[in-house]
Amino acid sequence: MRPSCLIFGIVFASFPLMAQEHAAPADGPEALRGSVREWMETMQKIQKEEDAWEKDREVLKGYKEGLEKEIEDLKEQIDRAKTRKEGGDKQSLDEVAERDRYAAAQDELARQVRTLEEGLSSRLKLVPGPLLRQAKVAQGVEVLKQGLQLPPDKLSEDVSKRLFNAVELLAEIEKFQQLVHVRAELHKDSQGREFKMQVVYFGLAMAYGVNEDSSFALVGRPGQDGWKFEERAAIAPQIQALVASATSEKDATFTQLPLIQP
């Protein structure tokens, strides 16, 4: 029960008792009623304040619950952000490690390609002239030389292209090495006279050449300074027979020739 209802009950219950008391002064009842009225107005104000406070308390309670919910949401967002950050940091570290591995592998590949280019270049002198003059091989040699001119800090440039070129160049040389080839070439004798000759190459190992009338013959081998040819007029007929056998569609014949030591 509210305090105002209780107060009204006490006041009305007191009126019979007040009637039994001695007569009050003329202004006594009026003063009493004024006091009661003032007291009731005061209690009504108090009640209003209590009602207002109750409403404010409910509003504040709603604010408090809303703030608590917002705080919980923010905590969850912070936890998710921390999780994402930790995952992002790990991913970033993994990406950095992967990038470093890739860079290290690329540097190692660049060094290996340079080693391959240097080794291949040092052995080009063992490749006979006719093979070096072939368009595909000549272009490969040019690319090889361009790669060798790169400074150390540029070794990674066009590394894939240079590797492919070196492999292709080696493949062409290996293909020549596995077969017997007959090439038309010009050679000079010791007197400076030039002859058109047919030269038979046994891969990269040896070569035998003879002119059309078998008056001039050569034997060639690769050396430290490249291919060297020596005059061997005495075996011109045998070399002529070798050329005929190599260029004829008839059955191959056996031709005996000296093996020239390097």
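The values are calculated or read from the model by the stated rules, or taken from the named source; none is laboratory data. Note that the structure is a prediction, hence the values are computed from the model and not measured. Cβ coordinates were reconstructed from backbone atoms using ideal geometry, including for glycine residues, and neighbour counts include every protein chain displayed.
Only one entry in Ala234, Ala184 is exposed (fewer than 12 other Cβ atoms within 10 Å of the Cβ), part of a helix (DSSP H, G or I) and among the aliphatic types (A, V, I, L, M), namely Ala234.
For the structure I just gave you, tell me whether Phe216 is more than 17 Å from Leu132 (Cα to Cα), outside the structural domain of Val141 (by TED's automatic domain parsing) and of a type in the set (Phe, Trp, Tyr). Here the answer is yes, as Phe216 does meet what is asked.
Whether a residue is over 18 Å from Lys125 (Cα atoms) and touching a strand residue (DSSP E or B) at 6+ places or on another chain (Cβ under 8 Å) was assessed, and Gln198 passes this test. Screening Leu150 against (1) hydrophobic (A, V, I, L, M, F, W, C); (2) part of a helix (DSSP H, G or I); (3) surrounded by 13 or more Cβ atoms within 10 Å (Cβ to Cβ) leaves a single unmet condition, (2). Taken together, Asp79, Asp94 contain a single residue that is charged (D, E, K, R), modelled with pLDDT of 70 or more and within 30 Å of Asp153 (Cα to Cα), which is Asp94. Scanning the range 155-187 for residues that are under 15 Å from Gln112 (Cα atoms) and either of a type outside the set (A, V, I, L, M) or touching a Ser or Thr at 6+ places or on another chain (Cβ under 7 Å) (or both) returns Ser156, Glu157, Asp158, Ser160, Lys161, Arg162, Phe164, Asn165. Condition check for Leu242 on (1) assigned to a loop (DSSP other than H, G, I, E, B); (2) more than 54 Å from the chain's Cα centre (by Cα): one failure, at (1).
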